[in-house]
Amino acid sequence: MQDNNNPTQIARRIIDNVSKVIVGKRPVIEQALAALVAQGHLLVEDVPGVGKTMLAKSLSTSIGCSFKRIQFTPDLLPSDVSGISIYSQQTGEFQFRPGPIMSQVVLADEINRATPKTQSALLEAMEELQVTVDGETHKMEHPFIVMATQNPIEYEGTFPLPEAQLDRFLMRISLGYPDFNEELAVIAIQETTHPIETLEAVATPQDVIAMQEAAKKIYVDQVVRQYIVSLVEATREHRDVALGASPRASLGLFRASRAMALVQDRDYVIPDDIKFLAVSVIGHRLILSASARMRGVRSTDVVEDLLNQVAVPGATR
């Protein structure tokens, strides 16, 4: 008999539920859930219309969490994100009016359209799980995840995220276009209504917190830890990389792999977890050399190259 309160069973229910809205993208949904379980944040980089916003909405609905969407624009102010203190004539005191960042699942839509000052308003919330307004600190409600989106094609009128802020995102994922049959299925399920309108919660915020705690108990063998560090260290020596990944990448890959093991119903991490997550966790943390950019090399190409070069623990050549 299956335990429906088992963290893995909860994870499967969430993935199955989100799959009703995001068709044919189960591996991407697994990575998004792994980011949530690992208490990280997610950057979804893709062209318009492939379901970036729906991924955030369906995930928040599935776990019964509060959801807010922030449409980033050049005129958006930091106070529009974090909130503001307003003087009350009745009480004679300043009252804090929370901004949309004070939600459990926050969709930062087109984050690269806001100015760097407004983008930085997210940093404290993402890193320290709190916001400070007029010297007063306000804690975020758990669980908390920022899911930011950006269009990698359109650069006019945008402000690219600085490396320090990119590094705050645990993963950068891409949904990609559906294949022929998947796109037919999308048309069929949206023929009369959108599935997000009838989607119901299959877990609670407490379930998510339980999964986050369970992931911390997943066993990671010493050789797998060495594999993680070897991969990250190799980015600093690659010929096409000007600045390699920081130790935060090693920690991120470690945390994400434990979350992925939980999603896959294992109490231990295997090298395949690392290989599955490496591009998403490491790719956005690399700064390529000028010559590599001129040749059209992408950071994902570098990580895939390193996955072929760095020896896998226990594997034979």
Q. Among the listed residues V229, V223, which satisfies the condition of being over 24 Å from T53 (Cα atoms), touching a Gly at 6+ places or on another chain (Cβ under 8 Å) and not in a loop (DSSP other than H, G, I, E, B)?
A. V223
Q) Of these, A242, A292, A234, which one is in contact (Cβ under 8 Å) with a residue 12 or more places away in the chain, more than 24 Å from I15 (Cβ to Cβ) and part of a strand (DSSP E or B)? A) A242
Q.
Can you confirm whether F67 is of a type in the set (A, V, I, L, M, F, W, C), in contact with an Asp or Glu (Cβ under 8 Å, 6 or more places away or on another chain) and without any contact (Cβ under 8 Å) to a residue 60 or more places away in the chain?
A. no
Q: Starting from the range 125-138, take each residue that is under 13 Å from I101 (Cα atoms) and list its partners that are of a type in the set (G, A, S) and part of a helix (DSSP H, G or I), counting only C-beta distances under 6 angstrom and pairs at least six apart or across chains.
A: V131/S82; V131/A125; V133/S82
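Quick one: which residue in L251, L262 is out of contact with any strand residue (DSSP E or B) (no Cβ under 8 Å at 6 or more places or on another chain) and touching a residue at least 60 places away in the same chain (Cβ under 8 Å)?
L262
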Q.
It is to be established whether one or more residues within the range 91-99 are crowded, with 16+ Cβ neighbours inside 10 Å, in a loop (DSSP other than H, G, I, E, B) and free of Cβ contacts under 8 Å to residues at least 40 places away in the same chain.
A. yes
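None of the figures in this text is laboratory data; all of them are computed from the coordinates on show. Remember, predicted model here, so these are calculated numbers, not experimental data. Neighbour counts run over all protein chains shown; Cβ positions are idealised from the backbone, glycine included.
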